[in-house]
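A.B. asks: Sharing a structure with you now.
The values are calculated or read from the model by the stated rules, or taken from the named source; none is laboratory data. The structure displayed is predicted, hence computed values, not measured ones. Ideal geometry is used to build each Cβ from the backbone, glycine not excepted, and the neighbour counts take in all protein chains shown.
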Amino acid sequence: MDDPHKETSAHAGADENVEALQRRVAELEGALAERDRALAGLRLELDGLRAMEREQQLLIAILDQCSDFIGLATPDGHVKYLNDAGQKMMGIDGDEAAQRTIVPDYFHPEDLPFVEANILSELRKGGRWAGDYRFRNMKTGALFPVRYTVFSINDSETGEPIALASVTQDLTEQKRAQAEQTRLTEELIRAQAMALELLSTPLIPISDDVVVMPLIGTVDSRRAQQVMENLMQGVVSLRCHTVILDITGVSTVDSAVADALLRAAKGVSLLGARTVLTGISPQVAQTLVGLGIDLHGIITHGTLQSGIAWATAEKSRRAR
């Protein structure tokens, strides 16, 4: 007969084995669940990293389309990023070449003391510097004007600087346009001055061979020179025979004015024309006599009208 005690022991051992297996299965299932949770977390983290990478690529694509220099460097000045416009501006070929540069490379060596004493000093104190300065193209060595803005990017928790960023505009074309505008303005001023000089010494034809130049105001050395030049040019271009200089409106007649008139008359005579001086009042005549001015060879009349009448009559006499 079978021993009932042995059967009971066998059943008990089998139950223990089953329970052990069940516990092991539960442990394995727990481990699998933990692994699945870890994998899910890794997937989420990876998805987040991929999203961040896409955002970074998108941001870089946007920055590379910007026409301004945009750069990022470590707090000690090692460049980590420079957009396409910045690379072109500085004569740098590619991202790797840009990352081998440091901020001082972008300046001329003789400018570095100013950069240290002003730009970097202000950056350390206030976290930002902006102003017009100049950069150095690393390929050609050429200096060019820029509007340079540099600022610190700080850690949101500690407040410590974690990067330097710069947005910079090339002012070469702007400066060139300003220089051209200045040149055009100066040219306009010169043209206006010449026009005023011509207006101050007008040459008015009253017949085919008689011209009148009425003078008004003060005759200084520059205006006297203009009188002579305009008279000489007028005699040649208009082929006139008689020039009437009217000084009725001249405020003061002194030795300088008289000398200018005499030189103008002599210049005209060398070109084969005659000078008629009109507008000589008794006071002016007395002044000229007192100065010992010799008006020999110059026809004089008291008024412009009488001078014109004389020139017209003289023309008629020549025609007979």
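A.B. asks: State whether the residues of segment 253-263 include one that is under 19 Å from Ile204 (Cβ atoms) and more than 54 Å from the chain's Cα centre (by Cα).
C.D. replies: Within segment 253-263 (the criterion being under 19 Å from Ile204 (Cβ atoms) and more than 54 Å from the chain's Cα centre (by Cα)), the answer is no, since none of the residues qualifies.
A.B. asks: Oh, and also: Taking the conditions exactly as written (among the polar types (S, T, N, Q) and touching an Asp or Glu at 6+ places or on another chain (Cβ under 6 Å)), does Thr303 satisfy them or not?
C.D. replies: no
One line per residue, one yes/no per condition, for (1) within 24 Å of Gln305 (Cα to Cα); (2) polar (S, T, N, Q); (3) crowded, with 20+ Cβ neighbours inside 10 Å:
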residue	(1), (2), (3)
Glu187	no, no, no
Ile204	yes, no, no
Arg223	no, no, no
Leu261	yes, no, yes
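A.B. asks: Tell me which of these Pro113 doesn't satisfy, since it passes every other one: (1) part of a loop (DSSP other than H, G, I, E, B); (2) surrounded by fewer than 15 Cβ atoms within 10 Å (Cβ to Cβ); (3) not acidic (Asp, Glu).
C.D. replies: So Pro113 meets the others, but not (1).
A.B. asks: How many residues, within segment 267-307, are out of contact with any His (no Cβ under 9 Å at 6 or more places or on another chain) and either of a type in the set (A, V, I, L, M, F, W, C) or modelled with pLDDT of 85 or more (or both)?
C.D. replies: 22
A.B. asks: Just to be sure, is Asp155 over 30 Å from Ile70 (Cα atoms), out of contact with any Phe, Trp or Tyr (no Cβ under 6 Å at 6 or more places or on another chain) and of a type in the set (D, E, K, R)?
C.D. replies: So Asp155 fails the test.
A.B. asks: Among (1) in the same structural domain as Gln286 (by TED's automatic domain parsing); (2) over 23 Å from Glu314 (Cβ atoms), there is one condition Thr248 misses while meeting the rest; what is its number?
C.D. replies: If we test Thr248 against (1) in the same structural domain as Gln286 (by TED's automatic domain parsing); (2) over 23 Å from Glu314 (Cβ atoms), just (2) comes out false.
A.B. asks: Can you tell me which of (1) on the phi < 0 side of the Ramachandran plot; (2) surrounded by fewer than 18 Cβ atoms within 10 Å (Cβ to Cβ) is the one Gly297 doesn't meet?
C.D. replies: Of (1) on the phi < 0 side of the Ramachandran plot; (2) surrounded by fewer than 18 Cβ atoms within 10 Å (Cβ to Cβ), only one is false for Gly297: (1).
A.B. asks: Say we look at segment 161-191 and pick out the residues that are of a type in the set (Ser, Thr, Tyr) and closer than 18 Å to Tyr133 by Cβ; which of these is nearest to the chain's Cα centre (by Cα)?
C.D. replies: Thr172
A.B. asks: Hey, among the residues in segment 61-96 that are among the polar types (S, T, N, Q) and not in a helix (DSSP H, G or I), which one's modelled with the highest pLDDT?
C.D. replies: Thr74
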